[in-house]
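One structure below.
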Amino acid sequence: MNINKIRLDRRTILKAAGVGAGLSVGMGPNARVNASDTNIKNVTQSGVAAVLGNNGKPVLPWSNWSGNQHCQPTQRETPRNEEQVVRSIKGARQPIRCVGAGHSFSPLVPTSDTLMSLARLRGIEKIHEETQEVDIWAGTRLAQIGKPLWDAGLGLINMPDINTQGLAGAIATSTHGAGYRLGSMSSYVTRMRMVTAAGEIVECSATENPELFNAARNNLGALGVVTQLRLQARDSYKLSEYSWMMKLEEGLERAEELRDTNRHFEFYALPHADHILGLTLNETDKPIPEQEREGNGDAYETFRTLSQVVDVVPFLRRFIINTGASTVEPEEKIGRSYDVFGNLRDIRFNEMEYSVPAEYGVQCLKEILDTIKRENIDIMFPLEYRYVKQDDVWLSPFYQRDSCTISCHNFHDREYKKYFAAIEPVFLKYEGRPHWGKIHTLGARELAARYPMWNEFQRVRKEMDPQGLFLNSHLKELFALG
């Protein structure tokens with residue numbers, strides 16, 4: 001193998017390291033099957049275990065995208081419109097959990113009761129030209145928003161780099177992109193519609209039901225079924241993405257400078273190595289090239305091969321990674337904002353992410369990298385390092401503090417629990433708050449100490465859903481509800 005020919009540009013690193021999002025594993029439009037609460041039988045159909053109800057139709061099991069979360073619901077619902085959501089909730093005889101694209105690694109979705117998908121509630125409902133706000137149905141995938149807005153002369157202010165997520169799920173967990181002066185997606189929500197446990201449609205904003213609004217912009221699916229959201233947009237714009245490799249120490253020293261002088265800035269730190277990949281996004285007036293850059297179709301296979309080589313000769317791990325990183329050349333991509341934000345995600349992984357105060361970011365990352373080396377953790381997956389602006393969303397990891405997020409991953413079919421267990425104490429040492437859709441081990445007491453508005457959220461949740469219609473076992477444990 002000629003290691004000098006291995007390319008580790010930004011997209012190759014992301015793919016090779018497992019940053020992928022393949023097909024949605026949430027329910028699609030044709031997935032609706034029901035089962036009654038009685039006469040449930042085990043069945044195997046096409047090799048997939050399921051249950052049967054009185055109507056004789058199977059209720060298929062569910063798994064998230066990475067495969068670390070799964071469940072067997074006894075009923076599935078895929079309402080076609082808001083009226084059907086209301087009808088389903090009014091007729092509910094058991095708890096309901098909503099599912100989107102299945103990109104959460106924490107147990108927010110799993111239920112043995114009713115699993116509801118909003119996949120049919122999708123698309124842009126209305127564009128408010130005077131305020132540049134957009135009403136979007138909750139089941140819309142983020143990837144479905146960019147082009148219609150561009151055609152209307154608009155664009156989202158910020159986006160995450162995985163665009164196959166459902167909008168409602170992204171808001172429910174404060175999904176974010178990068179940018180020290182830019183907030184999470186939840187911070188750009190200006191109005192929400194939801195169906196309550198009583199089957200009533202309510203709306204909220206900063207001026208109408210403001211407490212519900214502050215809770216609902218990171219709701220964990222625990223307040224009701226969100227059906228529509230209004231997002232603040234802006235004039236359409238193009239972005240220039242620039243990536244380059246640096247020595248690790250140089251990158252850590254320049255982190256705050258790069259953060260302050262670019263619209264978006266992030267790192268990809270290579271474990272067991274002396275290099276770090278820098279990435280910036282800035283607005284540009286440069287023309288978009290007619291032809292896209294060549295894809296990296298075999299990057300995952302290449303990096304998998306490297307991982308297998310390291311399994312055999314672990315003492316060469318640092319040499320292999322450093323040698324590959326040293327071949328990277330600077331690269332620029334120019335495109336429409338939504339095209340540059342979104343990346344191909346076809347490699348599965350499991351993930352832990354914490355947000356720490358922005359001023360602790362570099363120190364926290366350095367200690368994590370030192371921990372990986374000291375404990376000789378078998379990991380080749382880059383660590384993602386980003387900055388996010390503070391907000392006023394009650395359960396947001398960015399509540400009232402500018403933050404740095406550090407994401408740690410491993411391939412979906414590789415052991416990750418020992419790795420995450422080794423680095424989670426480092427996050428906690430630096431006042432870390434976990435991403436709600438990613439793996440963590442904190443309980444109600446620890447979370448209450450880290451989220452200042454924890455008790456206020458619990459009060460609003462109880463008012464909205466006094467009987468716990470929208471809770472599963474994970475949320476009951478998380479909220480200390482017995």
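Odds and ends about this structure:
- In the chain, the sites counted are GluC sites (Glu not before Pro) in DSSP loop states with at most 14 other Cβ atoms within 10 Å, and the longest stretch holding none of them, exclusive of the sites, is 1-128.
- R0 of 51 Å, Cβ-Cβ distance E249-E125: FRET efficiency to nearest 0.05: 0.50
- Residues whose amide H lies under 5 Å from that of S205, counting only those 5 or more places away or on a different chain, are F213; hydrogens are built 1.01 Å from N in the peptide plane.
- Cβ-placed point charges (K, R +1; D, E -1), dipole of the chain about Cα centre in debye, nearest 20: 1380
- Relative intensity, log₁₀ I(q)/I(0), of the range 368-482 from a Debye sum that treats every alpha carbon as a point, q = 0.10, 0.21 Å⁻¹: -0.37, -1.24
- Estimated distance in nm for a label pair at A444 and Q363, the labels positioned 7 Å out from Cα along Cα-to-Cβ: 3.3
- Gyration tensor (Cα) of the chain, equivalent ellipsoid semi-axes in angstrom: 36, 26, 23
- Of the residues I136, S473, V426, the one whose Cα sits farthest towards the positive end of the charge dipole of the chain is S473 (charges of +1 on Lys and Arg Cβ, -1 on Asp and Glu Cβ, taken about the Cα centre).
- Using alpha carbons only: equivalent-ellipsoid semi-axes of the range 124-236, gyration tensor based, whole Å: 22, 15, 13
- Sparsely packed trypsin sites (Lys or Arg not before Pro) within the range 122-208, loop by DSSP, other Cβ within 10 Å at most 15: R181
- Remark: the range 86-92, residue by residue, has Karplus-estimated 3J(HN,Hα) of 4, 5, 5, 5, 5, x, 5 Hz, where x stands for each Gly or Pro and the curve is 6.51 cos²θ - 1.76 cosθ + 1.60 at θ = phi - 60°.
- Contact order normalised by residue count of the chain, Cα under 8 Å, 6+ apart, percent: 19
- Here's how it looks for T140: its modeled amide H is under 5 Å from those of G123, L167, A168, which are all 5 or more places away or on a different chain.
- In the chain, helical runs assigned H by DSSP with n ≥ 4 each contribute -39500 (n - 2.57); averaged across all residues and rounded to the nearest 500, the mean residue ellipticity at 222 nm is -7500 deg cm²/dmol.
- Under Karplus coefficients 6.51, -1.76 and 1.60, residue-wise ³J(HN,Hα) of the range 69-78 in Hz, glycine/proline x: 10, 7, 6, 10, x, 9, 7, 10, 10, 9
- Placing a label point 7 Å from the Cα of K373 along the Cα-to-Cβ direction, the residues of the range 307-339 whose backbone N falls under 16 Å from that point are 315-323.
- Relative contact order (percent, whole number), the range 124-236, Cα cutoff 8 Å, 6+ residue spacing: 34
- For the range 212-228, putting each phi into the Karplus relation 6.51 cos²θ - 1.76 cosθ + 1.60 with θ = phi - 60° gives couplings of 4, 4, 5, 7, 6, 6, 8, 9, 6, x, 9, 9, x, 9, 6, 10, 8 Hz, in residue order, rounded to whole numbers and with x for Gly and Pro.
- Taking all Cα pairs closer than 8 Å and separated by 6 or more residues, the relative contact order of the range 98-189 comes to 24 percent.
Every number in this text was worked out from the coordinates using simple rules, so none of it is lab data. This structure is a prediction, so every number in the text was calculated from the model and none was measured. All Cβ positions, glycine included, derive from the backbone under ideal geometry; neighbour counts span all protein chains shown.
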